[in-house]
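Note sheet for the following structure.
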Amino acid sequence: MTFKKFIRDHLFHIVFFFGGMFVLDIVLWLDPHMRLAKETLMYLDFLLTIFFCAFLIGLYLYHRKWFRTIQIRLNAKEDALNWPLTGATSAEKQYFQKYVNSLLDYHQQSIERLMHAQQDQKDFIDGWVHESKVPLAATQLLVESIEDQIPEEKFNQLTDELVQIEHYVEQVLYYSRLDSFSKDYLVQEYALKPLINQTIRQNRNYFIQNRIQFKLTGEEQTVLTDAKWLVFILNQFVSNALKYTPQNGQITIDLAHDEQGVWLSVSDSGIGIPAEDLPRVFDKGFTGQNGRQSNQRSTGLGLYLAKSLSNKLGHELYASSTPGNGATFKLLFPFLSYYNDPDGERLMGKENHFR
């Protein structure tokens, strides 16, 4: 707290002091038994004012350490929630200190209860996902066993629905693991084309049934990433492109690199994204006009998860679109520069100088 604010807070006391001094001057001046000269009375007022100002300055200096303690806590922001307040030197400050520390204790207890509840919920979701995969896998085997007994169209529809169910189950699993990401990833050097081909194989039935062409362009690129999480991100791009690309359309994945890093672009020839929806496509739960109008059900989680996981992996995700001419999602793997590189060069390809 500044001295100016301190004086403002004690304005009532200052007015009271000068008001009392004025009343005292009137009493002494009008009392016939007190023969005080005007100069003597003014000198007395001057001395009292000096003493009062010294008192205010001393009081401010006394409280300044306490003010600094509070300011340090304000600067610490959320870190101060685990930091008990200390340094009270008066009964008033001790009362305030006790109140603040009680709030911190209540807050800590609430956080612990919330964390326990969240962990219980996460454990339940993880268990539910893994248990759901068992009947899903069994159902898929049953469908494959009766492939020759049902019409091809019905078989393809049933297969697509099972793939969609598995996709949504995976979304739930990865969403529940966002908070514990640091415990479940392993960054290594990977070539991108095998991971892309793995993603395409997972969606091959939809490509075939809707006669959607796939094209992979660009030279092989090697990046530092986590294969499992990256495949999930790519799967969100591809499934989103398939959802809004009509039959006989095309999906293209392009690999390239520049001075920023390695770029992976997923483009489609679908309906595109309206300009007003584009800034919000990565918001959680946002489905936009396409999600509401399309016969495809949209959860609004896929691109949100892709963006969140990209940030956690140190990648950068961008989206662009022209309505009616498809959409493009670009994933940037920024290069890493090392201090021990004498030329300051940013190496590409198979050298371990980027992610």
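The values are calculated or read from the model by the stated rules, or taken from the named source; none is laboratory data. What you see is a predicted model, and the numbers here were worked out from it, not measured in a lab. FYI the Cβ positions are ideal-geometry reconstructions off the backbone, even for glycines, and counts take in every protein chain you see. Surface areas here come from the heavy atoms of the whole protein model, side chains and all, with no ligands, DNA or RNA. Shrake-Rupley method; radii C 1.70, N 1.55, O 1.52, S 1.80 Å.
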Task: Residues with amide H under 5 Å from that of L301, placed H, sequence gap 5 or more - done: G285
Task: Candidate lysines - alpha carbon under 24 Å from K4, same-chain residues fewer than 8 apart omitted - done: K65, K93
Task: Accessible heavy-atom area order of T328, T225, highest first, probe of 1.4 Å - done: T328, T225
- [ ] Pop out the ³J(HN,Hα) list for region 131-146 in order, Karplus 6.51 cos²θ - 1.76 cosθ + 1.60 with θ = phi - 60°, rounded to Hz; leave Gly and Pro as x.
- [x] 5, 5, 5, 5, x, 5, 5, 5, 4, 5, 5, 5, 4, 5, 6, 10
TODO: Can you spot the lysines whose alpha carbon is less than 25 Å from K122's alpha carbon? Ignore those fewer than 8 places along the same chain.
DONE: K133, K183, K228, K284, K307, K312
- [ ] List every residue whose amide H lies under 5 Å from the amide H of A327, counting only residues 5 or more places away in sequence or on a different chain, with H placed 1.01 Å from N in the peptide plane.
- [x] D268, G270, G272
Open item on the list: Going by amide H atoms built from the backbone, whose H comes under 5 Å of the H on L85, apart from near neighbours?
Closed with: N101
Open item on the list: Can you tell me which aspartates and glutamates have their Cα less than 18 Å from the Cα of K330? Leave out same-chain residues fewer than eight positions away.
Closed with: E219, E220, D226, D254, D258, E259, D268, D277, D283, E316
Open item on the list: Under a crude label model (7 Å from the Cα following the beta-carbon direction), how far is Q164 from Y106 in nanometres?
Closed with: 4.9 nm
Task: With all protein chains modelled, accessible area of I165 [1.4 Å, Å²] - done: 80 Å²
- [ ] Enter the Cα centre distance for the pair region 210-257 and region 5-53, rounded to the nearest angstrom.
- [x] 84 Å
Task: Cβ-Cβ FRET estimate between D283 and I70, R0 fixed at 41 Å, reported to 0.05 - done: 0.65
Task: Calculated FRET efficiency for the pair S320/A191, C-beta based, R₀ 25 Å, to 0.05 - done: 0.45
Open item on the list: Apply the Karplus curve 6.51 cos²θ - 1.76 cosθ + 1.60, θ = phi - 60°, to the phi angles in region 243-249 and return the couplings in whole Hz, x for Gly and Pro.
Closed with: 5, 10, 9, x, 4, 6, x
Open item on the list: As an exercise, use a Förster radius of 25 Å and the Cβ-Cβ distance of Q94 and Y62 to find the FRET efficiency, rounded to the nearest 0.05.
Closed with: 0.95
Open item on the list: For V23, what accessible surface area do you get with a 1.4 Å probe? Give it in Å², rounded to 10.
Closed with: 90 Å²
Open item on the list: Could you give each residue of region 153-163 its phi-based ³J(HN,Hα) in whole Hz, using Karplus coefficients 6.51, -1.76, 1.60 with θ = phi - 60°, and x for Gly or Pro?
Closed with: 5, 5, 4, 5, 5, 5, 5, 4, 5, 5, 5
- [ ] Mind giving me the nanometre distance, one decimal, between the label points for I7 and R201, set 7 Å out from Cα along Cα→Cβ?
- [x] 7.9 nm
Task: Value of [θ]222 nm, deg cm²/dmol, for the chain, DSSP H segments ≥ 4, -39500 (n - 2.57) each, nearest 500 - done: -19000 deg cm²/dmol
